[in-house]
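Engineer: Here's a structure for you.
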Ligand SMILES: C[S@@+](CC[C@H](N)C(=O)[O-])C[C@H]1O[C@@H](n2cnc3c(N)ncnc32)[C@H](O)[C@@H]1O
């Protein structure tokens, strides 16, 4: 924070803003006062802003309910900017879509600004896949909830008990793909889309990818977006990374 001395902290996908507290406190120490969270969930944003404003009376919060994939360029600047994107949400972009997104981040930064990026690093395959297949079944419930949502939003008739959560490592995409596989052949109707789909036994629906990164790879990709990695930190086992990048001059 001392290196950047931001006037504003812009956070993409801020959620509950729990981790952000550390950053906000550090920003306060160097004179910054603005927090600009962009969050798609109005409820999450409102709750977080309410808690933060009661805990930090010096903080000016200008929350934005919207989609960070498209809306970042719409934000007004309030001086030097620290843009944060935590929780390895960058991993939700595929190799095909990530370059465009990173270019948008690069364009949102001016000389003197910085990006603070949290990423999940490539590690052994078993550890990476297990992270999406915990024994308590939380990841499975989370992923299968996609079917519950399709039933609710599109009137579909997925019987969730006929599906299995099946995460796999895709080395080509450097990501864990969370497939949902049909346990038997079936026809599912999707009235909201005016169609139905046939699924064979073992056939999958593939709702999400979580890409993992290497220092070399992410440095190259950020470089292509006009950003230079200036600091790099990991935990002691090098499972996760946090980096600071600045616009190349
Ligand atoms: C994995 S959580 C991370 C929350 C927090 N940044 C952290 O690291 O703990 C991702 C957050 O991003 C939000 N989100 C996901 N996609 C988004 C988008 N396209 N635009 C804005 N917010 C988004 C979600 O609602 C969720 O709160």
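Engineer: How big is the chain along each principal axis, measuring the range of its Cα positions in Å and listing the largest first?
Structural biologist: 60, 38, 32
Engineer: If you don't mind, there's one more thing I want to ask. Helix 42-55 against the longest principal axis of the chain: what's the angle in degrees, Cα atoms only, rounded to the nearest 10?
Structural biologist: Helix 42-55 and the main axis of the chain meet at about 30 degrees.
Engineer: For the residue pair residue 249 and residue 30, what label-to-label distance in nm results when each label sits 7 Å from Cα along the Cα-to-beta-carbon direction?
Structural biologist: It is 1.5 nm.
Engineer: Given an 8 Å cut-off on Cα distances and at least 6 residues of separation, report the relative contact order of the range 126-211 as a percent.
Structural biologist: Answer for the range 126-211 is 26 percent.
Engineer: Name the residue, out of 209, 138, 61, whose mean-square fluctuation peaks in a Gaussian network model built on the chain with Cα pairs under 10 Å.
Structural biologist: Result for the chain, Cα springs under 10 Å: 138 fluctuates most.
Engineer: Only Cα pairs under 8 Å and at least 6 apart count here; give the relative contact order of the range 184-238 as a rounded whole percent.
Structural biologist: 20 percent
Engineer: Another one. Please list 187-194, 113-120, 83-90 highest first by mean number of surrounding beta-carbon atoms within 10 Å per residue.
Structural biologist: Going from most to least packed, we get 113-120, 83-90, 187-194.
Engineer: Let me ask something additional. Name the most mobile residue of 210, 41, 135, meaning the one with the largest mean-square fluctuation, in a Gaussian network model of the chain with Cα contacts below 10 Å.
Structural biologist: 135
Engineer: Then there is this: Once you treat every alpha carbon in the range 126-211 as an equal point and sum by Debye, what is log10 I(q)/I(0) at q = 0.21, 0.22, 0.24, 0.25 Å⁻¹?
Structural biologist: -0.99, -1.06, -1.17, -1.22
Engineer: Counting other C-beta atoms within 10 Å, which of 1, 149, 104 has the fewest, and how do the rest follow?
Structural biologist: Neighbour counts put them in this order, fewest first: 149, 104, 1.
Engineer: Expressed as an acute angle from 0 to 90° and rounded to the nearest 10, what is the orientation of the C-alpha long axis of helix 138-154 relative to the principal long axis of the chain?
Structural biologist: Around 70 degrees separate the two axes.
Engineer: Neighbouring Cβ atoms within 10 Å as the yardstick, rank 21, 152 fewest first.
Structural biologist: Final ranking by Cβ density, sparse to dense: 152, 21.
Engineer: FRET efficiency for residue 69 and residue 172, Cβ-Cβ distance as r, R0 = 25 Å, nearest 0.05?
Structural biologist: Step by step, r from the Cβ atoms, then E = 0.60.
Engineer: If R0 is 41 Å, what FRET efficiency do you get for residue 234 and residue 198 from their C-beta distance, rounded to 0.05?
Structural biologist: 0.35
Engineer: Over the chain, what is the relative contact order in percent, taking alpha-carbon pairs closer than 8 angstrom and at least six residues apart?
Structural biologist: Contact order relative to length: 18 percent.
Engineer: Give me 213, 206 sorted ascending by neighbouring Cβ count inside 10 Å, so fewest comes first.
Structural biologist: 206, 213
Engineer: Still on this structure, I have one more. Top mean-square fluctuation among 102, 227, 150, Gaussian network model of the chain, C-alpha springs under 10 Å?
Structural biologist: In the Gaussian network model the winner is 150.
Engineer: At 222 nm, what value in deg cm²/dmol follows for the chain if DSSP H runs of at least 4 each add -39500 (n - 2.57) and the sum is divided by all its residues, to the nearest 500?
Structural biologist: Helix-only estimate at 222 nm: -9000 deg cm²/dmol.
Every number here is computed from the coordinates shown, using simple stated rules; none is lab data. All values derive from a computational prediction rather than experimental measurement. Cβ sites come from the backbone with ideal geometry, for glycine too, and all protein chains shown count toward neighbours.
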